[in-house]
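Chemist: What follows is a structure written as structure tokens; I'll ask about it next.
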């Protein structure tokens with residue numbers, strides 16, 4: 001069954017990982033998708049899969065505005081905005097960051113993990129009110145407890161959970177605002193330039209992945225596809241009409257095992 005047949009969606013961070021998996025799942029469920037990517041090199045493969053691609057920096061309001069406009073121009077509106085793009089900080093301890101690094105890394109991490117979601121919400125609000133649509137943000141186990149990253153990452157994800165709650169209050173009753181909080185996931189998420197982590201990938205370190213597995217009740221690190229059903233559920237009006245302000249954990253029991 002095509003649970004999102006005819007839905008019009010924007011998904012940020014679509015170049016890889018969870019974002020790419022959500023794009024594919026939404027397309028399979030019958031949705032039309034605007035995929036927002038950072039690298040122009042990701043355009044061709046997403047277009048081949050059927051998505052419309054917008055390339056830009058999610059920490060810029062212009063990128064969110066262009067993504068929403070692409071959906072409205074192409075399909076006459078928007079039903080769901082998925083603020084998924086993210087940066088990790090590889091557990092970088094605060095004491096090992098110089099003050100100038102902290103400021104620059106803060107701007108990068110909060111720009112992608114929080115400000116981009118704020119910009120997306122603002123850019124999509126009129127269209128989502130018209131359709132009775134939804135915003136879905138990608139949180140983390142670090143939205144609920146320490147240890148999922150360093151100080152900057154954890155603070156940004158706690159703030160994102162607060163943003164979901166606040167926007168649910170501000171945008172009700174026309175627009176539902178929720179989040180999905182994945183736990184340890186086999187993805188190539190990178191870090192901020194300011195910490196020299198722009199070319200690092202979380203899943204490139206087998207030892208790190210093994211340590212993550214030790215804390216997961218279900219006995220394995222997740223893959224991006226493990227989380228996509230929640231993004232479908234929260235987008236579908238018929239399935240989540242009475243859900244707003246929630247952050248759904250999809251972490252294999254990680255947050256109750258630590």
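Chemist: Over the chain, consider all pairs of different Cα atoms and compute the Kirkwood hydrodynamic radius from their mean reciprocal separation; express it in Å, one decimal.
Modeler: Values: mean 1/r = 0.0553 Å⁻¹.
So the Kirkwood estimate lands at 18.1 Å.
Chemist: I've got another one for you. Take the chain, connect every pair of alpha-carbon atoms lying under 10 Å apart with a spring to form a Gaussian network, then pick out the residue of 117, 85, 31 with the largest mean-square fluctuation.
Modeler: For the chain, modelled as a Gaussian network with Cα springs under 10 Å, the answer is 31.
Chemist: Moving to a separate point now. Which value in deg cm²/dmol, rounded to the nearest 500, describes the helix-derived mean residue ellipticity at 222 nm for the chain, given -39,500 (n - 2.57) per DSSP H run of n ≥ 4 and division by the residue count?
Modeler: Values: 10 runs with 108 residues, N = 258.
Only helices count here, giving -12500 deg cm²/dmol.
Chemist: Going by C-beta contacts inside 10 Å, put 100, 205, 251 in order with the fewest on the left. If you can, show how the numbers build up before the last one.
Modeler: Values: 100 9, 205 12, 251 25.
Ranked by crowding around the Cβ, least crowded first: 100, 205, 251.
Chemist: Right, another one. Under the classification rounded if a/c is under 1.5, otherwise prolate if a/b is larger than b/c and oblate if not, where does segment 49-201 fall, given a ≥ b ≥ c as square roots of the Cα gyration tensor eigenvalues? Walk me through the numbers on the way to the answer.
Modeler: On the way: a/c = 2.15, a/b = 1.67, b/c = 1.28.
It comes out prolate by the Cα gyration axes.
Chemist: So what's the angle, to the nearest 10 degrees on a 0 to 90 scale, between helix 61-75 and the longest Cα principal axis of the chain?
Modeler: Orientation of helix 61-75: about 30 degrees from the principal axis.
Chemist: For each of 126, 154, 213, count neighbouring Cβ atoms within 10 Å of the residue's Cβ, then give the residues from fewest to most.
Modeler: 126, 213, 154
Chemist: Hey, what angle do you get for helix 116-131 against the long axis of the chain, alpha-carbon based, 0 to 90 degrees rounded to 10?
Modeler: 20 degrees
Chemist: If you take the Cα atoms of segment 10-115, find Rg, then find the Kirkwood Rh from the mean of 1/r over all pairs, what is Rg/Rh? Please report the intermediate quantities before stating the final value.
Modeler: Working: Rg = 15.4 Å, Rh = 14.6 Å.
Result: Rg/Rh = 1.05.
Chemist: While we're looking at this one, here's another question. Helix 99-110 versus the longest principal axis of the chain: what is the Cα-based angle in degrees, 0 to 90, to the nearest 10?
Modeler: Taking Cα atoms only, the helix is inclined about 30 degrees.
Chemist: For 238, 131, 156, what ranking results if the residue with the fewest other Cβ atoms within 10 Å of its Cβ goes first?
Modeler: On the way: 238 6, 131 18, 156 27.
Exposure proxy ranking, most exposed first: 238, 131, 156.
Chemist: A further question on this structure: Percent of Cα-Cα pairs more than 19 Å apart in segment 1-48, please. Don't skip to the answer; put the middle values down first.
Modeler: Details: 205 of 1128 pairs.
When all Cα pairs of segment 1-48 are counted, 18 percent exceed 19 Å.
Chemist: Taking R0 as 35 Å, what's the FRET efficiency between residue 126 and residue 101 from their Cβ-Cβ distance, rounded to 0.05? If you can, show how the numbers build up before the last one.
Modeler: Numbers: r = 38 Å, r/R0 = 1.10.
The computed FRET efficiency comes out at 0.35.
Read the figures in this text as sums done on the coordinates, not as results from a lab. Remember, predicted model here, so these are calculated numbers, not experimental data. Please note: Cβ atoms are built from the backbone with ideal geometry, for glycine as well, and neighbour counts cover all protein chains shown.
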